[in-house]
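Accompanying notes for the structure given below.
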Amino acid sequence: MSRHQPIRVVKGMRDILPPDSALWGRVEHVAREVFRAYAYQEIRTPIVEVTELFARGVGQDTDIVTKEMYTFDDRDGSSLTLRPEATASVVRSYIENRMHERPGVKKLFYMGPMFRRERPQKGRYRQFYQIGAEAIGSESPTVDAEIIEMLFVMLNRLNLQGASMLVNSVGCAQCRPVFIERLRNELEKIKDQLCLDCQRRTVTNPLRVLDCKVPEDQPLIESLPVLSGLLCEGCKQHFDEVQSYLNDRKIPFVVSPRMVRGLDYYTRTTFEIVHGNLGAQNALLGGGRYDGLSEDLGGPPAPGIGFSIGEDRFILALGSADNAESSVDLYIAWMGEAAFRHAAELARELRSHNVAVEVASDPVKLKKSLEIASRLGAPYVLIVGDDEIAQARYALKNLSNSEQQTVSREELFQRFAGPAS
RNA sequence: GUGAGCGUAGCUCAGCUGGUAGAGCGCCGGACUGUGGCUCCGGUGGUCGAGGGUUCGAACCCCUCCGCUCACCCCA
């Protein structure tokens, strides 16, 4: 029939349809409430940025920058990139709009799509959504504790079960290089006993070896030095205070000395929330401190901390809670042209009172209208025909118990639109 | 980028050692001229992912490609 192939979504991208879209809306709504309670304000940055922002911000040698970005040349030849994450953009905006000149910590949140060109799998998409927050302008551990508390509140309010919070410190520009050197030396000694991936990591990214999941490697990895034992005085004290404040707040967390984050800008506190039903991609959310990022991007010193929730994964973890709320309060069935006009007028009035009304679109049999209403999940059907118009009384049928009564226009509005305002 | 599994009706799937396609659900109509869900009856449904090869004959065997899924790498 059709000579054209149907057009399909781009690989790794997807439509979020009802009723799922309602769950997405609910998650975002709750997130906004909690952000507000913690005095965060929304920031909306462009989805496209100059490529250099991510190269410098995320890190020239990270996987994200070297092989996962959607990068293209604009018509004037400049290189642009679809954002693979949002922190770099927020900090860019912070600098560009001179937010450091305002007093106090700048607390911002965002939500929206990010893009990474990876092979799709469970919980991983090429267009995925993040809900995140950044607190910029202080290196105090009180900020770390507060932001983690906020996350904890958010998760509880959304009723997420079975998640656990992992916390670590990855040190600063002073102590981390020293540690990496020490680790590399140790790794060289045992290199040929490790899995092939770890042999490669020894060269490319020694920290990742600590995160290796191959069972045979575990005993060897256990014996390797751990960063938390080699933090400089400042970092150690900072991490101790963060933990102390989290304990004050009764927030359950696990210190996870081998947790490694993938972006170059992280310093000191890093954290992650993992969940059991996400397939192999068990990280629901990740975050940490980035005390040097502003300066890396040419800005003033502006220590900050932030996190990002993978919304797709979050929803996966929540499971398919059957939240099939009806989208309609009242369905109007009509018989005949005159009745349609009457029904349309009634619908307009009711809708102006925020009643969700659906009107039959085509002249179909009443039987069919009832069937459609029933499948829409409408609780009531209003039947409008010539008789009803003549008597100025409508038949109102309750679809859940099949009871039917006749109501006047006033009674109808009373019932659905509430007391007249 | 690498690997594995899977592509048969709108959906979920069956289809034996090759003999050219089936079920359930859905959809449309009827039983029931203005009263849904249940039931019964009838109807609609597919170049078996695409192309090529082997064969008298291919959904089934072989090759190539495409798509989806999961996993690796890495990450939210």
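The values are calculated or read from the model by the stated rules, or taken from the named source; none is laboratory data. Everything quoted here is computed from the prediction, not taken from an experiment. With ideal geometry, Cβ positions are generated from the backbone for all residues, glycine too; neighbour counts draw on all protein chains shown. Ligands, DNA and RNA are excluded from the accessible area calculation, which covers all protein heavy atoms including side chains. Shrake-Rupley method; radii C 1.70, N 1.55, O 1.52, S 1.80 Å.
Output the residues belonging to the stretch A:98-116 that are more than 19 Å from A:A86 (Cα to Cα) and among the charged types (D, E, K, R). Walk me through it before giving the result.
Step one: list which residues in the stretch A:98-116 are more than 19 Å from A:A86 (Cα to Cα), which gives A:101-104.
Within the stretch A:98-116, A:E101, A:R102 qualify.
For (1) open to solvent by 10 Å² or more (accessible area, probe 1.4 Å); (2) within 16 Å of RNA strand B (Cβ to nearest atom); (3) in contact with a strand residue (DSSP E or B) (Cβ under 9 Å, 6 or more places away or on another chain), each residue gets a yes or a no:
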{"site": "A:G104", "(1), (2), (3)": "yes, no, no"}
{"site": "A:M114", "(1), (2), (3)": "no, yes, yes"}
{"site": "A:K122", "(1), (2), (3)": "yes, yes, no"}
{"site": "A:F128", "(1), (2), (3)": "yes, yes, yes"}
Original post:
Out of the residues in the stretch A:259-286 that are open to solvent by 60 Å² or more (accessible area, probe 1.4 Å) and out of contact with any strand residue (DSSP E or B) (no Cβ under 6 Å at 6 or more places or on another chain), which is nearest to RNA strand B (Cβ to nearest atom)?
Top reply: A:A280
Original post:
Mind checking which pairs have a first residue in the stretch A:117-128 that is closer than 19 Å to A:T81 by Cβ and a second that is among the hydrophobic types (A, V, I, L, M, F, W, C) and more than 6 Å from RNA strand B (Cβ to nearest atom), Cβ under 6 Å, 6 or more apart or different chains?
Top reply: A:R126/A:M13; A:Q127/A:M13; A:Q127/A:F115; A:F128/A:M114
Original post:
A:I305 passes all but one of (1) of a type in the set (V, I, T); (2) at pLDDT 95 or above; (3) within 12 Å of RNA strand B (Cβ to nearest atom); which number fails?
Top reply: (3)
**OP:** State which residue is farthest from RNA strand B (Cβ to nearest atom) when the search covers only the stretch A:62-83 and only residues that are in contact (Cβ under 8 Å) with a residue 40 or more places away in the chain and touching a helix residue (DSSP H, G or I) at 6+ places or on another chain (Cβ under 8 Å).
**Re:** A:M69
Subject >> Residues satisfying the stated conditions in the stretch A:34-56, i.e. out of contact with any strand residue (DSSP E or B) (no Cβ under 8 Å at 6 or more places or on another chain), surrounded by 13 or more Cβ atoms within 10 Å (Cβ to Cβ) and free of Cβ contacts under 8 Å to residues at least 40 places away in the same chain >> reply: A:A55
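If a residue must be within 21 Å of A:A417 (Cβ to Cβ), open to solvent by less than 10 Å² (accessible area, probe 1.4 Å) and within 7 Å of RNA strand B (Cβ to nearest atom), how many such residues does the stretch A:374-393 contain? Give the derivation first.
First, pick out the residues of the stretch A:374-393 that are within 21 Å of A:A417 (Cβ to Cβ): A:376-384, A:388-389, A:392-393.
Now narrow it down to the ones that are open to solvent by less than 10 Å² (accessible area, probe 1.4 Å): A:378, A:381-382, A:384.
Now restrict to residues that are within 7 Å of RNA strand B (Cβ to nearest atom): none.
Adding up the residues that qualify gives 0.
Tell me whether the stretch A:349-365 contains one or more residues that are more than 27 Å from A:Y110 (Cβ to Cβ), within 8 Å of RNA strand B (Cβ to nearest atom) and outside the structural domain of A:G104 (by TED's automatic domain parsing).
Here is the first cut: in the stretch A:349-365, the ones more than 27 Å from A:Y110 (Cβ to Cβ) are A:349-365.
Filter once more, so that each one left must be within 8 Å of RNA strand B (Cβ to nearest atom): A:364-365.
Now narrow it down to the ones that are outside the structural domain of A:G104 (by TED's automatic domain parsing): A:364-365.
Yes, because at least one residue in the stretch A:349-365 is more than 27 Å from A:Y110 (Cβ to Cβ), within 8 Å of RNA strand B (Cβ to nearest atom) and outside the structural domain of A:G104 (by TED's automatic domain parsing).
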Subject >> Residue list for the stretch A:294-321, filter: in a strand (DSSP E or B) and open to solvent by less than 10 Å² (accessible area, probe 1.4 Å) >> reply: A:G304, A:I305, A:G306, A:F307, A:I309
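Considering only the stretch A:350-360, I want to know if a residue exists there that is among the small types (G, A, S), in contact with a helix residue (DSSP H, G or I) (Cβ under 8 Å, 6 or more places away or on another chain) and either more than 30 Å from A:Q281 (Cα to Cα) or surrounded by 14 or more Cβ atoms within 10 Å (Cβ to Cβ) (or both). Break it down stepwise before answering.
Here is the first cut: in the stretch A:350-360, the residues among the small types (G, A, S) are A:352, A:356, A:360.
From the residues that got through so far, the ones that are in contact with a helix residue (DSSP H, G or I) (Cβ under 8 Å, 6 or more places away or on another chain) too are A:360.
Checking the rest, the ones that are also either more than 30 Å from A:Q281 (Cα to Cα) or surrounded by 14 or more Cβ atoms within 10 Å (Cβ to Cβ) (or both) come to A:360.
Yes, some residue in the stretch A:350-360 is among the small types (G, A, S), in contact with a helix residue (DSSP H, G or I) (Cβ under 8 Å, 6 or more places away or on another chain) and either more than 30 Å from A:Q281 (Cα to Cα) or surrounded by 14 or more Cβ atoms within 10 Å (Cβ to Cβ) (or both).
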Original post:
Only one of A:C212, A:C198 is surrounded by 13 or more Cβ atoms within 10 Å (Cβ to Cβ), farther than 16 Å from A:P257 by Cβ and either within 31 Å of the chain's Cα centre (by Cα) or of a type outside the set (G, A, S) (or both); which?
Top reply: A:C198
**OP:** Considering every residue within the stretch A:197-220, establish whether at least one is part of a loop (DSSP other than H, G, I, E, B) and away from RNA strand B (no atom under 13 Å from the Cβ).
**Re:** no
Original post:
Quick check: is even one residue across the stretch A:239-255 part of a strand (DSSP E or B), open to solvent by 20 Å² or more (accessible area, probe 1.4 Å) and assigned by TED's automatic domain parsing to the domain that holds A:V50?
Top reply: yes
